1. Check the range 22-31 and report whether any residue there is part of a loop (DSSP other than H, G, I, E, B) and modelled with pLDDT under 90.
2. Can you find, within the range 93-115, the residue that is modelled with the lowest pLDDT among those that are of a type outside the set (S, T, N, Q) and surrounded by fewer than 20 Cβ atoms within 10 Å (Cβ to Cβ)?
3. Mind listing just one residue for me: the one in the range 265-288 that is assigned to a loop (DSSP other than H, G, I, E, B) and without any contact (Cβ under 8 Å) to a residue 40 or more places away in the chain and, of those, nearest to Glu210 (Cα to Cα)?
4. Picking from Glu158, Glu177, Glu136, which residue would you name as being of a type in the set (Asp, Glu) and either more than 24 Å from Val95 (Cβ to Cβ) or at pLDDT 90 or above (or both)?
5. What are the residue pairs meeting all of these: first residue in the range 34-47, first residue over 18 Å from Ile96 (Cα atoms), second residue in a helix (DSSP H, G or I), Cβ atoms under 7 Å, and 6 or more apart or on different chains?
6. Is there any pair linking a residue in the range 209-233 that is under 12 Å from Asp271 (Cα atoms) to one that is assigned to a helix (DSSP H, G or I) and at pLDDT below 75, with Cβ under 8 Å and at least six apart or on different chains, and which?
7. Is it the case, given these coordinates, that Leu54 is farther than 24 Å from Met148 by Cα and either under 35 Å from the mean Cα position of the chain (by Cα) or modelled with pLDDT of 90 or more (or both)?
8. Do we find that Pro38 is modelled with pLDDT under 90, closer than 22 Å to Ala132 by Cα, in the same structural domain as Gly131 (by TED's automatic domain parsing) and not in a helix (DSSP H, G or I) in this structure?
Amino acid sequence: MARRGRPLLPDTIAPSWLVVQLLGTLFVVATLLTAREPRAWLWVCYGVSATLWLGFVAAAPRRPVLAAVLLALASVVPAAVLGWAGDSSAVILCVIALGRLATLTRVSVTAIVGMALLDMALVLSSSAFTGASMAEAATDVGIMLLLMLIGLNRRQYEVQAAQAEQLLAQTRLAQAEHARAAALDERTRIARELHDVLAHSLGALGVQLELAEALLAEKSDVDGALRTVRRSRRLAADGLAEARDAVAALRRDVLPLAEALAAAAEAHARDHAVRVDFAATGQARPLPSAAAVSLVGVAREALTNAGKHAPGEPVTMRLAYEPAAVRLSVSSALVSDERSRPGEGGFGLTGMRERLALAGGTLGSGPEDGQWRVVAEVPA
């Protein structure tokens, strides 16, 4: 059964080189059967030429260099005795071998032309030596020249076909490498999405569980601890839902940037029981989805870090639409005169920087005016 998408015709016809070999062999056999030569030694020469042709046919698939040598000799032998030939058998054997030699892509054009000139010189010299008609010899040389040019034209076609196949193979390889790179890039993006979702959800969950432990261990506040545990369970459920949607978020339209940031700020304020002051300035305009998703991811990561390193402290988040860029800043309190936050060099900021770099943006973070400030900017 033929494979789907592949034409049936190429599978049902022999390769072109095999067809040429068979036709050439038939012509050689037919020439020997129709030859009318009284001289026995001419038949020996014809037999040698035919044997060399058969040797070429046998050696061509596996030993192309030997095959080319045999083919060249198969053309030289009848060309050398053409002046003594009583019919056209010698010239037919010569042009069959020479024409096939001219089609071989492994033989240089210079070698083919050189062999043709040698055969022509042998034809003219043997005709002159025997006193044969030079007009007939010139005709034979013209036939040899014509067959050589036809063979060279066929050779050029095969060279171009081989080059086209190589180009197609290189194109397919490049497409495969591109697809592989795109798949790796997609996996990296999905990993960043999952990290942002899980870091945000699990960070808030950890804070709530620590609060429940403190309420039980220090204050024995069972009701407060129960409320905290319930809030933790809701956070776990929300985080699981967000994790399921993380991959799909890369392929669907996102909320308008300001709405998505406001939702993230509201969720952080509710989960951490802190005030998150969010405001947007400037003329809002649509952004590429990659840029919008990047800024939302930065906001979530910055809010998660604020909840870890400055628990209970208010957070300020500003979105500014400027003429050439859109800037997001998230500020939270510095605790105990810290100058750098543990974990800020981990996968969180690395993922944010990679995300922004894909969207052509930049990320900066550090202490400023008594606060820890994260600033993300994308071109618009």
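The values are calculated or read from the model by the stated rules, or taken from the named source; none is laboratory data. Please read all numbers here as calculations on a predicted model, not as lab measurements. Counting neighbours? That spans all protein chains shown, and the Cβs are built from the backbone with ideal geometry, glycine included.
1. The answer is no; no qualifying residue exists.
2. Restricting to residues being of a type outside the set (S, T, N, Q) and surrounded by fewer than 20 Cβ atoms within 10 Å (Cβ to Cβ), the top hit is Arg106.
3. If we take residues in the range 265-288 being assigned to a loop (DSSP other than H, G, I, E, B) and without any contact (Cβ under 8 Å) to a residue 40 or more places away in the chain, then Ala273 is nearest to Glu210 (Cα to Cα).
4. Glu177
5. Listed by first residue and then by second, the contacts come to Glu37/Trp43; Glu37/Ser89; Arg39/Trp84.
6. Note: pairs meeting the criteria are Ser232/Leu205.
7. The answer is no for Leu54.
8. Answer is yes for this residue.
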